[in-house]
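The values are calculated or read from the model by the stated rules, or taken from the named source; none is laboratory data. Since the model is a prediction, treat every value here as computed from it, not as a measurement. FYI the Cβ positions are ideal-geometry reconstructions off the backbone, even for glycines, and counts take in every protein chain you see.
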Amino acid sequence: MDKVVALCKRRGFIFQSSEIYGGLNGFWDYGPLGVELKRNVRNAWWQDMVGSNDPWTVPDGAPTAYHMVGVETSIIMHPQVWKCSGHYDMFVDKMVDCRESKSRYRVDHVKGRWIEGKVGDAAPARLFLTAVADGPELDAALTQRALKLFGMRSKEADKLQWQSESTSLATLSFEQYGSVIGPEATQPGTLTAPRDFNLMFKTILGALGTDADAAFLRPETAQGMFVNFKNVCDSTRVKVPFGIAQIGKSFRNEITPRNFTFRSREFEQMEMEFFCHPSQSRQWYEYWRDFRYNWYVNLGIKSDRLQLRDHAQDELSHYSVGTADVEYAFPFLDEGEFGELEGVAHRGDFDLRSHMEGKLVKDAGGNLVVEQTASGEPKYRGSGKDLAYFDDQTREKFVPHVIEPAAGADRATLAFICEAYAEDSAPDDKGQMQTRVVMRFHPRLAPVKAAVFPLVKKDGQPEQAREIYLALKRAGIAAAYDEQAAIGKRYRRQDEIGTPWCFTVDNQTLVDGTVTLRERDSLEQTRIPATDVVAEVQRRLA
Ligand code: ATP
C-alpha cells in the first residue's frame, strides 16, 4: 500500500487536500492523472448503466427489458428529506472519547488484544490494549505499545503475554471498559461509554443562522432519485421497470477517516435506483447484483481479490429482504479481509412510502408503519404526495419496489489503482532487463491511452510525432508527448502511469511512413503506418 500511495503522489494521481497547510484529514484532491482516471471510472459506469441501455432487448438474467435515465440533484435538500429517510435519527456511528488524550474514536475502528501485564505501580492485570489500525500494522502497533507500556526492550517482544487474537472494541461490553487502554492513553479506563454521533454535516441556510435554518450536506445521492420519482414519471415516457442513475458528491463526517481515500469525509457516489413491480423485485435484485459484480471483473479486477458477499439476515437494514456487497481485498487490510466497494440492496417500498407517509419503522409484527410521537402524531410528516405508480396497461396501482446498486467512485478508483499496480522487468536501452513498475489499467480506465515519442530530437522526428499526438487529441483520445531522455526510460515513465500503447517515430518513419507500436503488457513491438495510429487506438479501445 505504501508503494501505491507514493506512486499516486509522485505521478499526480492523488494528493492530500490542502497539503501545504498540513492537509485536512478525510479530504483528498485528484491530480492531473487522477482526474482523468476517475473521470474514466465515472464514464464507464455511466456508459454501462445509462448510455448503453437498450429498452427493447431483454438482457440475460433479467425478467424484462427496461429503461434507464439520469438526474443530477442538489447536495443540500429540504431537511424533511433526511427526517423521513431515517438519516436524521439513525445515520449514526458509535463513538467513544478518551478523557486522557482528548481524542475521539469510532468504536468499531478501535482494535485491540487482551494482554497480561503491569502498568507502572499497579498490580499485574489483564488489559485490553488498543490501536487504530488494520492488517499487519495493527499487530506491529500493539507490540510497540505493549513494550513501551511495560518498559520492555524490543528484543523481549516474544515475552509479551498476549491472551487473545485482535478484535474490535465493539465486541467488548461497557463493563469491560475499565480494562481498556485507549489508543493514545497510558492508563486503563479512560474511555467514555459509547454514544451516537450523527454523520451528517450540518450547515446554515441564509443570513439569520438560527437552528430553524439548519440544513445538511447529503450523506448519499439516493434521496435525490426518490424525491424526483414522480417528476421523472411525469416528464419522460419511462414505464416501470426503469432506473434513475446519478453520480455526485456525498459527505459524511466520518469519525476516523483512514486508509487513503477508502474512507473520506467528502466522496463521490455512483448510485442507481431501479423501480419495479413488487412481484419481480427478487429477480431484479439478483440481476443487478450479478451485473454490478461483473462490471468490476470486466474492468480488470481479478476474481481472487473480488467477492460478492450476501448479507446475513441479521445484517440487513430493517426494510430490506436482500443485500449483497461487492468487496475488494484492499492491500491495507488483513490477509483474507475484504472492504466494501459497492452495496446492492433490495429496499422494498421503504423509500417511496416514507416520502409519502413519513418516517417508517417496523412494528412488533414486522410491518412498516409511520413512527409516532407519544401523543399519536406522526414523528416526521411525509410529503403527502401520491408516489404510487399507475400501470395503464394492467390498470394496477402500486408503490414500486426499489433495487439500489450504490457504488463509491473513489473506492472503485482506489481498487482499480491497487489492482493495476505491478512490478516486473523490461529491457532497458542496452537490452538489459530492469525492474519496472507498471500500472496494468484496463484500457478504458487508463488516464493516458497513447504516448507518442520521437526517437531523437532531430531529422523532423519531433514534428511528425507532434502531428500524431495532436491528431490523437483532436479525436478525443487522451495522449501524451515526450521527447526527454532515452527511449527505454520514456517507455517506463508511461508504464508507471498505465499507458497501454506507445508510438515511436524513428528513422524508418521518414523512409516508409511507419511508426513503432509498443504494448505495455506484452512489451511487443510492431510497426504500423503513422496515418493509422488514431484508427488503431480507436479499434483497440472499442
Ligand atoms: P461503510 O460501511 O464502509 O461505511 P456504507 O455501507 O455506509 O460503507 P453505503 O452507505 O452503502 O456505504 O454507500 C455506498 C458506497 O459509497 C459504499 O459502498 C462506498 O463505495 C461509498 N462510500 C460510503 N462511505 C464512504 C466514505 N466515507 N468514503 C468513500 N466512499 C464511501
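If the condition is being without any contact (Cβ under 8 Å) to a residue 40 or more places away in the chain and farther than 20 Å from Tyr421 by Cβ, then segment 474-506 contributes Arg474, Gly476, Ala479, Tyr481, Asp482, Glu483, Gln484, Ala485, Arg490.
Okay, residues lined up against (1) modelled with pLDDT of 95 or more; (2) touching a Phe, Trp or Tyr at 6+ places or on another chain (Cβ under 6 Å); (3) surrounded by 17 or more Cβ atoms within 10 Å (Cβ to Cβ):
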| position | (1), (2), (3) |
| --- | --- |
| Ala486 | no, no, no |
| Asp495 | yes, no, yes |
| Thr514 | yes, no, yes |
| Thr526 | yes, no, no |
| Pro529 | yes, no, no |
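Of these, Gln283, Gln307, Gln269, which one is farther than 15 Å from Phe416 by Cβ, of a type in the set (S, T, N, Q) and more than 20 Å from the chain's Cα centre (by Cα)?
Result of the check over Gln283, Gln307, Gln269: Gln283.
Listed here are the strands (runs of 3 or more DSSP E) enclosed by segment 95-201 that have at least 2 residues being without any contact (Cβ under 8 Å) to a residue 60 or more places away in the chain: 111-117, 125-131.
Taking segment 235-253 as the region of interest, how many residues are in a loop (DSSP other than H, G, I, E, B), within 15 Å of the ligand (Cβ to nearest atom) and crowded, with 19+ Cβ neighbours inside 10 Å? Write out each step before concluding.
First, pick out the residues of segment 235-253 that are in a loop (DSSP other than H, G, I, E, B): 236-241, 252-253.
Cutting the leftovers down to within 15 Å of the ligand (Cβ to nearest atom) gives us 252-253.
Still in the list and also crowded, with 19+ Cβ neighbours inside 10 Å: 252.
Qualifying residue count for the region: 1.
Scanning segment 202-234 for residues that are in a strand (DSSP E or B) and over 19 Å from Glu271 (Cβ atoms) yields Lys202, Thr203, Ile204, Ala214, Ala215.
There is at least one residue in segment 315-338 that is closer than 30 Å to Val238 by Cα, among the charged types (D, E, K, R) and either without any contact (Cβ under 8 Å) to a residue 60 or more places away in the chain or buried (at least 19 other Cβ atoms within 10 Å of the Cβ) (or both).
The set of residues from segment 18-48 being surrounded by fewer than 16 Cβ atoms within 10 Å (Cβ to Cβ) and among the polar types (S, T, N, Q) comprises Ser18, Asn25, Asn43, Gln47.
Condition check for Thr413 on (1) within 15 Å of the chain's Cα centre (by Cα); (2) at pLDDT below 95; (3) hydroxyl-bearing (Ser, Thr, Tyr): one failure, at (2).
Checked against (1) among the charged types (D, E, K, R); (2) within 16 Å of the ligand (Cβ to nearest atom); (3) farther than 22 Å from Ala407 by Cα, Asp213 passes all but condition (2). Across segment 1-26, the number of residues qualifying as of a type in the set (Gly, Ala, Ser), out of contact with any Leu (no Cβ under 6 Å at 6 or more places or on another chain) and in a loop (DSSP other than H, G, I, E, B) comes to 3. Within segment 50-72, none of the residues are in the same structural domain as Tyr287 (by TED's automatic domain parsing) and within 16 Å of the ligand (Cβ to nearest atom). Do we have any residue at all in segment 340-355 that's under 26 Å from Ala412 (Cα atoms), at pLDDT 95 or above and surrounded by fewer than 19 Cβ atoms within 10 Å (Cβ to Cβ)? Checked segment 340-355: at least one residue is under 26 Å from Ala412 (Cα atoms), at pLDDT 95 or above and surrounded by fewer than 19 Cβ atoms within 10 Å (Cβ to Cβ). Condition first: among the hydrophobic types (A, V, I, L, M, F, W, C), within 23 Å of Thr167 (Cβ to Cβ) and in contact with a strand residue (DSSP E or B) (Cβ under 6 Å, 6 or more places away or on another chain). Can you find one or more residues in segment 278-298 that meet it? The answer is no, given that none of the residues of segment 278-298 is among the hydrophobic types (A, V, I, L, M, F, W, C), within 23 Å of Thr167 (Cβ to Cβ) and in contact with a strand residue (DSSP E or B) (Cβ under 6 Å, 6 or more places away or on another chain).
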